[in-house]
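The structure under discussion appears below in the form of structure tokens.
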Amino acid sequence: MRLFDTLTRTDRELRPIDGDTFRFYCCGPTVYGPAHIGNFRTFVLQDVLRRTLETGGTRTLHVRNITDVDDKTIRDSQKAGKSLTDFTTGWTEIFHGDCEKLACLPPHIEPGAVEHIPQQIAMIEKLIEKGNAYASDDGSVYFKISSFPNYGKLSRLDTRELDLGKTQNARANSDEYEKDSLSDFVLWKSRRAEDGENFWESPWGEGRPGWHLECSAMIQEYLGDTFDLHSGGVDLVFPHHENEIAQSECACGGHFAAHWFHITHLLVDGGKMSKSLGNLYTLEDLAKLGFSPMEVRYVLIGAHYRKPLNFTLDSLTGAREALAKLAKGARALAAKTGGETRFDTVDFGPFQSAWDSLENDLNTPGALGGIFTGLRQSANLTGGEAAKALAAMNRILRALGLTLPEEAEQEAVEIPAAIRTLADERWQARTEKNWAKSDELRARLTAEGWTVLDGKDGYSLEPAAR
Ligand code: AMP
Ligand code: ZN
């Protein structure tokens, strides 16, 4: 398959360097709270990449870390009055539960930063030895970016912005910083009062690793100097991935990742998600509104990964309708097989365009459209031909990680008059594009146990518990 590479800005063929297994690394979650659906856009797309490679017959090795020590995990574990381990273990379990609900395959290896402190210290020692890092008076260690002429190649910080000479005295000690504060970044942070009991012994005194280092150390441990692909959300291009390249290429002398796969951010109501705007959704929040994880997954793969995805509650209703249509189409096809079954065939038949979309820069919306086209083209197939088409459709669904809903029970449901009135008011607000009011009315209907499904010319109501 072909995929866009952030470093070269070109579509490139994905092929395992070792000719056998496609070995890739994804920056994992920082476990200090529940992951939000933006995080899951990234994790779900990484999962579709893996599933597509595997569906195409390529073996994979998927490594994704858990960030269980950094500024935020330490700060919030203290607020919660818990030890860092208890705190991060709890959030890691919740993350695993959400991944399972969303049908994300567990990575083959999932290393945690705390377990790999010795490897991180060893990498710092190497960097100091090679002249790429230095210890400051307080026992912190910094990476000297002026020692790495390639610094900035991934994010294309060109010479206008990147005057390495000017960075000599600038240092960043916090884990996250912005592009305009380009500076030497911290590899080891000397112990501070606010760290409490969270410190480790090192040749430079007590302290803890900086956030950027863990991925470089764990990649070296599990994937070696060079590997097939590295991935994360776009916010990680700078500084995190730039810093990883600097650390790893200087310490290991390798070429680090052969390919960079970055997923564009998910937006909510056209803007950034934030707690203060009340538009930061977790899987649990959406479940309370009556939406299933599969509906969320459908929305997350509904846009191309290089384009922003604008999330709305209405898009979840659309996903529900689309999944129901696909399920209906699959049942109609199954009914025409006359009991014949086929196992995976190499030939995608009417679903070839869906597969081509996936192989062409992981075009997930194209693949979804291709499934609907494939179903239309399969309308007149019967017997073995219908069975072959059904097997092909199921392969595409597996690559996308989608499971179709079972047939809903066809009982007539009586809708109380008060509910009907609320729903009418909501439809009115919606036609007037009063999104705030329409969302508020939807929330009230949900609280009453009803889900609204919007169509082009009207709405329908379903009891939420399904
Ligand atoms: P974090 O837990 O903050 O380290 O983030 C986990 C992953 O989610 C990283 O790959 C981030 O780049 C990614 N991410 C964060 N916010 C968003 C968003 N709004 N849309 C897509 N990916 C995101
Ligand atoms: Zn990372």
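Ranked highest first by average number of other Cβ atoms within 10 Å, how do 241-254, 103-116, 73-86 line up? Before the final figure, lay out the partial values.
Working: 241-254: 22.3, 103-116: 18.0, 73-86: 15.7.
Answer by packing, highest mean first, reads 241-254, 103-116, 73-86.
Please pull out the direction-averaged projected area of the stretch 2-263, using the convex hull of its alpha-carbon atoms, in nm² to one decimal place.
Working: hull surface 54.5 nm².
Projected area, direction-averaged: 13.6 nm².
Can you give the net charge of the other residues whose Cβ lies under 10 Å from the Cβ of GLY318, counting K and R as +1 and D and E as -1?
Details: positive: ARG320; negative: GLU295, ASP314, GLU321, ASP454.
Taking every Cβ under 10 Å from that of GLY318, the sum is -3.
Can you list the cysteines of the chain that have no other Cys Cβ under 4.7 Å away?
CYS26, CYS27, CYS215, CYS250, CYS252
Using alpha-carbon positions, what is the distance between the centroids of the stretch 106-149 and the stretch 33-64, in Å?
27
Please work out whether the stretch 294-414 counts as rounded, prolate or oblate from its C-alpha gyration tensor, where a ≥ b ≥ c are the square roots of the eigenvalues and a/c under 1.5 means rounded, while otherwise a/b larger than b/c means prolate and anything else oblate?
Values: a/c = 2.50, a/b = 1.18, b/c = 2.13.
Oblate, since a/c reaches 1.5 and b/c is not below a/b.
As a quick test, which of the pairs LYS288/LYS456; LYS144/LYS189; LYS130/LYS153; LYS72/LYS272 have an alpha carbon distance above 23 angstrom in this structure?
Numbers: LYS288/LYS456 25 Å; LYS144/LYS189 15 Å; LYS130/LYS153 21 Å; LYS72/LYS272 20 Å.
Violating the 23 Å limit, Cα to Cα: LYS288/LYS456.
By how many nm would the segment from ASP457 to ARG444 grow when fully extended, if each residue of separation counts as 0.36 nm and the alpha-carbon distance is taken off?
Working: separation 13, 0.36 × 13 = 4.68 nm, distance 2.20 nm.
Separation in residues times 0.36 nm, less the Cα-Cα distance, equals 2.5 nm.
Indicate the helices, whole DSSP H runs only, in the chain that combine a mean Kyte-Doolittle hydropathy of -1.0 or more with a Cα extent along their long axis of 30 angstrom or more. Display every interim value, and only then the final one.
On the way: long enough: 313-335 (34 Å, 0.32).
Helices meeting the span and hydropathy rule in the chain are 313-335.
I need the semi-axes of the equivalent ellipsoid of the chain: take the C-alpha gyration tensor, multiply each eigenvalue by 5, square-root it, list largest first in whole angstrom. Walk me through the numbers on the way to the answer.
Working: eigenvalues 391, 158, 71 Å².
Those come to 44, 28, 19 Å.
If the reach is capped at under 28 angstrom between alpha carbons, list the lysines near LYS388, excluding any in the same chain fewer than eight residues apart.
LYS325, LYS328, LYS336
Every number here is computed from the coordinates shown, using simple stated rules; none is lab data. Please read these numbers as outputs of a predicted model, since none were measured by experiment. Cβ atoms come from the backbone with ideal geometry, glycine included; neighbour counts cover every protein chain shown.
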